[in-house]
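These notes are about the structure you will find just below.
The values are calculated or read from the model by the stated rules, or taken from the named source; none is laboratory data. Computed from a predicted structure; not experimentally measured. Note: ideal-geometry Cβ built from the backbone for every residue, glycine included; neighbour counts use all protein chains shown. Note: accessible area is taken over every heavy atom of the protein model, side chains too, but ligands, DNA and RNA are not part of it. Shrake-Rupley method; radii C 1.70, N 1.55, O 1.52, S 1.80 Å.
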Amino acid sequence: LCTESTIRLAGGQDEHEGRVELCSNGLWGTICSGLWDYNDTFVLCKQLGYQNPRVFVYRYSSFFGQGSGPILFDDLTCDRTELALTQCSSSSPDQVYCSHSGDAGARCEEISTTVIDTCSDGDIRLMDGRSAAEGRVEICINNIWGSVCDASWDIREAGVVCYQLGFQSASATAYTGAYFGRSAGPYILDNVGCDGDEQTLLGCSHGGTFFHDCSPGKDAGVKCEVSSCLHG
């Protein structure tokens, strides 16, 4: 049933993921993924009823297939204060320069309240390892603990993590593919690129906080050398 301005996720493996479709004039239409990002997906998930959404951003139709209706929005831009996607800014309907190969997609999951905690921006921790020196890398932004996407993740990024935590960075090992399991929180960093001499992970180049194109199961991890002392 297509009711004006309602949204749905189509083409996914379950009701929590799929191609983003919006009902307009009795037809299900799609959204161009040119500027589709975390903020837009956050508003979508909130509109779908998720209270504390963990969101995954998909920018191309290869994930959930192409839609067949009109493409309703291009250059959609939300700031997470909106209650619905239709309240976000976008190009005018006659300025949609996009094909269905660029249909936006998303996955929404409910975050456990334990993920929301008092912490400082840039704090990091290792979770679900066999010791305090290894685990899934989680970073805090806006009092939310989340993980790091493993795109381009290697020994340089792992070394910075270990240095920030007080271990010997030279003996760091990088893990990909959610080796230590998936975080209950959102992906916070993606495309992290460190030179190796940064003092904090947040000091490395990255695609922006909460801005990612990372599918589930890509959480980065590290193992740090235990026989070390704190800096200095």
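For residues that are open to solvent by 30 Å² or more (accessible area, probe 1.4 Å) and either closer than 22 Å to Arg80 by Cα or in contact (Cβ under 8 Å) with a residue 60 or more places away in the chain (or both), tally how many sit in the stretch 25-36.
Of the residues in that region, 2 qualify.
Could we say that Val160 is more than 30 Å from Asn25 (Cα to Cα) and touching a Leu at 6+ places or on another chain (Cβ under 6 Å) here? So Val160 fits the description; yes.
Give the residue that is farthest from the chain's Cα centre (by Cα), with candidates limited to residues of the stretch 1-24 that are outside any loop (DSSP other than H, G, I, E, B) and either on the phi > 0 side of the Ramachandran plot or surrounded by fewer than 11 Cβ atoms within 10 Å (Cβ to Cβ) (or both).
Step by step, filter the stretch 1-24, then rank; the result is Gly11.
When you look at Ala184, is it at pLDDT 85 or above and aliphatic (A, V, I, L, M), yes or no?
Numbers: at pLDDT 85 or above: no; aliphatic (A, V, I, L, M): yes.
So Ala184 fails the test.
Go over the candidates Gly207, Gly181 one by one and state the one that is more than 22 Å from Ala106 (Cβ to Cβ), open to solvent by 10 Å² or more (accessible area, probe 1.4 Å), assigned to a loop (DSSP other than H, G, I, E, B) and small (Gly, Ala, Ser).
Values: Gly207 fails: more than 22 Å from Ala106 (Cβ to Cβ).
Answer to the selection: Gly181.
Under the condition of being buried (at least 18 other Cβ atoms within 10 Å of the Cβ), modelled with pLDDT of 85 or more and among the hydrophobic types (A, V, I, L, M, F, W, C), the residues counted in the stretch 78-126 number 9.
When residues of the stretch 65-77 are filtered for being aliphatic (A, V, I, L, M) and surrounded by 21 or more Cβ atoms within 10 Å (Cβ to Cβ), how many remain? Steps first, please.
Step one: list which residues in the stretch 65-77 are aliphatic (A, V, I, L, M), which gives 71-72, 76.
Those still in the list that are surrounded by 21 or more Cβ atoms within 10 Å (Cβ to Cβ) too: 72, 76.
The number of residues fulfilling the criteria is 2.
Residue count for the stretch 149-172 satisfying the condition of being in a strand (DSSP E or B) and either modelled with pLDDT of 95 or more or hydrophobic (A, V, I, L, M, F, W, C) (or both): 3.
Residues of the stretch 39-53 that are open to solvent by less than 50 Å² (accessible area, probe 1.4 Å) and out of contact with any helix residue (DSSP H, G or I) (no Cβ under 8 Å at 6 or more places or on another chain): Asn39, Thr41, Phe42, Cys45, Gly49, Tyr50. Residues in the stretch 130-175 that are open to solvent by 30 Å² or more (accessible area, probe 1.4 Å), touching a residue at least 24 places away in the same chain (Cβ under 8 Å) and under 13 Å from Val226 (Cα atoms): Ser131, Tyr163, Leu165, Phe167, Gln168, Ser169, Ala170, Ser171, Thr173. Among the numbered conditions (1) at pLDDT 90 or above; (2) under 18 Å from His212 (Cα atoms); (3) open to solvent by 10 Å² or more (accessible area, probe 1.4 Å); (4) not in a strand (DSSP E or B), the only one that Ser62 does not meet is (1). Looking across the stretch 11-51, the residues that are within 22 Å of Asp75 (Cβ to Cβ) and touching a Lys or Arg at 6+ places or on another chain (Cβ under 7 Å) come down to Glu21, Thr30, Ser33, Trp36, Asn39, Phe42, Val43. Looking only at the stretch 184-204, residues that are open to solvent by less than 10 Å² (accessible area, probe 1.4 Å), of a type in the set (A, V, I, L, M) and either within 14 Å of Gly135 (Cα to Cα) or assigned to a loop (DSSP other than H, G, I, E, B) (or both) come to 1 in all.
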